[in-house]
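Novice: Below is a structure I'd like to ask you about.
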Amino acid sequence: MITFKVVERDNEAVVLILCDDKLIAVIHRHEEGVRLVSQYYDGVQSEPGLPPSVIIKFSEGLRRAKGT
């Protein structure tokens, strides 16, 4: 299960993304929006509509690392 945790790093709030308590990504502030950093990042799927949205995909390697 994916969970989120807000923590303070270098005087800035960041969001940790965890999957079954394993850190899989970090979201940072960026001058043009937000930056998602992850070794498991596998792409983005845009969803049209109002409001528009995106789905962040994580790689198959994450599932293998979890043993599933």
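Please treat every number below as a calculation from the coordinates, not as lab data. Only a predicted model underlies this, so the values are computations on that prediction, with no experimental measurement involved. Cβ sites come from the backbone with ideal geometry, for glycine too, and all protein chains shown count toward neighbours.
Novice: With viscosity set to 0.890 mPa s at 25 °C, what whole-number translational diffusion coefficient in µm²/s follows for the stretch 2-66 from Stokes-Einstein and a Kirkwood radius over Cα pairs?
Specialist: 187 µm²/s
Novice: Could you work out [θ]222 nm for the chain from helices alone, using -39500 (n - 2.57) per DSSP H run of at least four and dividing by all its residues? Round to the nearest 500 deg cm²/dmol.
Specialist: Working: 1 runs with 7 residues, N = 68.
Value at 222 nm, helices only: -2500 deg cm²/dmol.
Novice: Over the stretch 2-66, what is the relative contact order in percent, taking alpha-carbon pairs closer than 8 angstrom and at least six residues apart?
Specialist: 18 percent
Novice: What net charge is computed for the residues neighbouring Ile17, neighbours being all others with C-beta under 13 Å from the C-beta of Ile17, Lys and Arg scored +1, Asp and Glu -1?
Specialist: +2
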